[in-house]
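The structure appears below as structure tokens.
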Amino acid sequence: MPKFLCVQCGTQYADSVSEPLKCLICEDERQFVRWDGQEWTTIPEMQSNGYEVVPFEEEPGLWGLELNKPFAIGQRALLVPGDKGNILWDCIPFINDRAIQMVEDKGGLEAIAISHPHYYSTMVEWADIFDVPIYLHAADTEWIMRPSDRITLWEEESFSLTPDIELIHLGGHFDGGSILYWKQGAEGRGSLLTGDVIQVNQDRHYLSFMYSYPNNIPLSCNSIKRMVSKLETYEFDRIHGAWKERFIWENAKERLKASAKRYKKYLEA
Ligand SMILES: [Zn+2]
Ligand SMILES: [Zn+2]
């Protein structure tokens, strides 16, 4: 039975004889339904349309994976070096034999962890192929469109995957919105991988905190304050957002505080 993917957001749904009636992720006010109406595809159809996974080095020792041409939201995944392989941070909506080999050549996978439902995409497909668990925050359970025994829901404020890799719950964009703290990142000064729970702006100098990016719905000052204060005790110097090379390369902790201050200035004006 086919497993359909939404063309607009890249979310893969569970087995179904026919296309699902609608995409709940796109119907949510944080996303939008395709202007020409809901459309679906499958991984085999994407394969015949020439999609491939392309690797790139995001920072020394941190590889990224993205698609060779635009599809859905357009996020990339990252391979964070773990203890017994890599942690796949966030997921992309496609996989094929070449992509599997590429990941194996880079040390394989140890686990998958995802910041929020917009990037769940084909996580179960990846987990089944690599025989690894998926870690998601329990507050976003309702947004899992393809359930699987491989999914572990964590409820704590933070969750250690390895001695050097920790998931931190921030909320905001989604109730379960989480980021990944990589202690060895930024040459040992620490990197945060934030997806769009904290978005790196186009100027790569400021960060954004939004309930919806495509529909421009802001978060409250209190939510932003809560998110930023949870990071106070962490040592980090770099932040990677959700797209290739969308990073704040250094002084990221200071930039995070400056960004929250700027939001407060405009939201409370
Ligand atoms: Zn969708
Ligand atoms: Zn999002």
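The values are calculated or read from the model by the stated rules, or taken from the named source; none is laboratory data. Just so it is clear, the structure is predicted and the values come from calculations on it, not from any experiment. Here the Cβ is made from the backbone with ideal geometry for all residues, glycine too, and neighbour counts use every protein chain on show. Just so you know, the surface numbers come from the protein's heavy atoms only, side chains and all, with ligands and any DNA or RNA stripped out. Shrake-Rupley method; radii C 1.70, N 1.55, O 1.52, S 1.80 Å.
Report, for the range 1-160, the % of DSSP beta bridges that are antiparallel, rounded to 5.
Given both bridge residues lie in the range 1-160, the antiparallel proportion sits at roughly 60 percent.
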Accessible area per residue of the chain at 1.4 Å probe, in Å²? 44 Å²
Compute a Gaussian network model of the chain, connecting alpha carbons closer than 10 Å, and tell me which residue from Pro70, Pro133, Pro55 fluctuates the most. Pro70
Per the Cα gyration tensor, the chain corresponds to an equivalent ellipsoid with semi-axes, largest first in Å, of 28, 22, 17
Using a 1.4 Å probe over the heavy atoms of the protein chains, calculate the carbon and sulfur portion of the accessible area of the chain as a whole percent. 48 percent
For the range 34-87 and the range 175-189, what is the separation of their Cα centres, given in Å? 20 Å
Counting alpha carbon pairs within less than 8 Å and at least 6 residues apart, what relative contact order, in whole percent, applies to the range 69-130? 33 percent
Which links in Lys22/Lys244; Lys69/Lys244; Lys225/Lys257 stretch past 19 Å when you go from one Cα to the other? Lys22/Lys244
q = 0.12 Å⁻¹: log10 I(q)/I(0) that the Debye formula gives for the range 114-225, counting C-alpha atoms only: -0.46
Value of [θ]222 nm, deg cm²/dmol, for the chain, DSSP H segments ≥ 4, -39500 (n - 2.57) each, nearest 500: -5500 deg cm²/dmol
So what are the ³J(HN,Hα) numbers for the range 200-211, from phi and the Karplus equation (6.51, -1.76, 1.60; θ = phi - 60°), rounded to whole Hz, Gly and Pro as x? 7, 6, 4, 6, 6, 10, 10, 10, 10, 9, 10, 6
Using θ = phi - 60° and the Karplus curve 6.51 cos²θ - 1.76 cosθ + 1.60, what whole-Hz ³J(HN,Hα) does each residue of the range 241-256 get, with Gly and Pro shown as x? x, 9, 10, 3, 6, 8, 9, 10, 6, 8, 6, 5, 5, 5, 5, 4
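Rounded to the nearest 5, what % of the DSSP beta bridges within the chain are antiparallel ones?
If I count the DSSP bridges inside the chain, around 70 percent turn out antiparallel.
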Under the rule of at least 5 residues apart or a separate chain, name every residue whose amide H is placed under 5 Å from the amide H of Thr11. Cys6
Enter the mean projected area of the convex hull around the alpha-carbon atoms of the range 1-144, in nm², rounded to one decimal. 9.0 nm²
Of Leu65, Leu170, Leu231, the most mobile residue in a GNM of the chain (C-alpha springs, cutoff 10 Å) is Leu231
Hey, can you grab everything whose amide H is under 5 Å from the amide H of Thr162? Only 5+ residues off in sequence or another chain; H modelled, so Pro and N-termini drop out. none
Can you list the HN-Hα couplings for the range 259-268, worked out from phi with the Karplus curve (6.51, -1.76, 1.60; θ = phi - 60°), rounded to whole Hz and with x for Gly and Pro? 5, 5, 5, 5, 4, 4, 4, 7, 6, 9
Tail weight of P(r) past 17 Å, computed on alpha-carbon pairs of the range 194-269, percent: 40 percent
Let me know the charge dipole size of the range 146-269 about its Cα centre in debye, to the nearest 20, where only the beta-carbon of Lys, Arg (+1) and Asp, Glu (-1) is charged. 500 debye
Tyr211 accessible area, 1.4 Å probe, all protein chains in place, Å² to nearest 10: 60 Å²
Which residue, Phe247, Phe236, Phe56, tops the fluctuation ranking in a GNM of the chain built on C-alpha contacts under 10 Å? Phe56
Which value, in nm² and rounded to one decimal, describes the direction-averaged projected area of the C-alpha convex hull of the range 1-79? 6.3 nm²
Order 135-147, 213-225, 183-195 from most to least packed using the mean count of other Cβ atoms within 10 Å. 183-195, 135-147, 213-225
Can you tell me what the convex hull of the Cα atoms of the range 3-48 projects to on average, as an area in nm²? 3.3 nm²
Just want the answer: with Cβ charges of +1 for Lys and Arg and -1 for Asp and Glu, which residue in Ala138, Gly50, Gly108 is farthest toward the dipole's positive end in the range 32-157? Gly50
